[in-house]
Amino acid sequence: MVKYIFALALVFLAACSIDPKDYESPPVTVETAAGPVVCQLYTKDLVRWDRAIQRPESMSVETADQICLNEGLREKNGEPVNRRTADVAL
């Protein structure tokens, strides 16, 4: 019986996906004073994964990622957003 429960638990664990690509939304562009930042947002519950995939050269990675995190939080909270869907070839 214990082997059966262990095997069943293993099957359920294997069925769970922890690959961020499984939760990606289409990239979006956020307009900033320094230029556009292209963000990869994930589901509304996973804003911790939101990150910048393109940014102006004058902007740090940390700043661009924070802009994307803020964008994800705005979307999660249902606040109006100032963005458009990005036309980016990745």
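The values are calculated or read from the model by the stated rules, or taken from the named source; none is laboratory data. The model shown is predicted, which means the values in this text are computed figures rather than measured ones. Here Cβ is always computed from backbone atoms with ideal geometry, including for glycine, and neighbour counts include all displayed protein chains.
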Extreme residue, farthest from D22 (Cα to Cα), among residues of segment 63-88 that are of a type in the set (V, I, T) and modelled with pLDDT under 90: V81
Under 8 Å between Cβ atoms, which residue pairs at least 6 apart in sequence (or on different chains) link something in segment 53-72 that is in contact (Cβ under 8 Å) with a residue 12 or more places away in the chain with a partner that is β-branched (V, I, T) and part of a helix (DSSP H, G or I)? R55/V61; R55/T63; L69/V47; G72/V47
